[in-house]
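I have placed the structure first, in the form of structure tokens, so that the comments after it can refer back to it.
Any read-out appearing in this document is the output of simple, stated calculations on the displayed coordinates, not a laboratory observation. Please read all numbers here as calculations on a predicted model, not as lab measurements. Counting neighbours? That spans all protein chains shown, and the Cβs are built from the backbone with ideal geometry, glycine included.
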């Protein structure tokens, strides 16, 4: 019981970390000028890519915007992979297994992702996109669950 309580405290702390990170205005998270300093003339090396995302077109025509976009989405994947992994650990310690274990882990992770997207919509310069919940956050949740499952199998061998 003490182990599962500790793990749920870790889940809560990670949720607080995500919440705090989502509270930072977009202007304070902008790294395009640093990218430009570190990688001048990047436009010569980035292939032409363009695709719709939300209500915008993401394009590599502006490579520093494009790389910042990709880094933000990778951040979503990483944040929610860790959250899913922590939830897996806590729920597993409580004795949950099987389909209920999977559905609760993914459901709680995506539920928090949805709340966090709503929260982001209240922060200046930030947007809350449901597409972020469906694509990078779901990928992160599934990645965390998969890593936990593989780790459990590896430990049994």
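Of the residues in region 133-157, how many are assigned to a helix (DSSP H, G or I) and either farther than 25 Å from residue 52 by Cβ or without any contact (Cβ under 8 Å) to a residue 60 or more places away in the chain (or both)?
Let us first name the residues in region 133-157 that are assigned to a helix (DSSP H, G or I), namely 133-156.
From what is left, the residues that are either farther than 25 Å from residue 52 by Cβ or without any contact (Cβ under 8 Å) to a residue 60 or more places away in the chain (or both) are 133-134, 138, 142, 144-156.
Result for region 133-157: 17.
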**Message:** Please pick out the residue among 57, 67 that is closer than 21 Å to residue 137 by Cα and in contact with a strand residue (DSSP E or B) (Cβ under 7 Å, 6 or more places away or on another chain).
**Reply:** 57
**Asked** Hey, which of the helices (runs of 4 or more DSSP H) in region 12-128, taking only ones fully inside, have at least 2 residues that are touching a residue at least 60 places away in the same chain (Cβ under 8 Å)?
**Response** 26-29, 63-93, 98-120
**Complete:** Filtering region 109-118 for residues that are over 20 Å from residue 69 (Cα atoms) and surrounded by fewer than 18 Cβ atoms within 10 Å (Cβ to Cβ) leaves a count of 2
**Prompt:** Is it true that residue 48 is in contact with a helix residue (DSSP H, G or I) (Cβ under 7 Å, 6 or more places away or on another chain) and exposed (fewer than 15 other Cβ atoms within 10 Å of the Cβ)?
**Reply:** no
**Request:** Could you please find all residues in region 119-157 being exposed (fewer than 13 other Cβ atoms within 10 Å of the Cβ) and over 19 Å from residue 78 (Cα atoms)?
**Result:** 121, 122, 124, 125, 152, 153, 154, 155, 156, 157
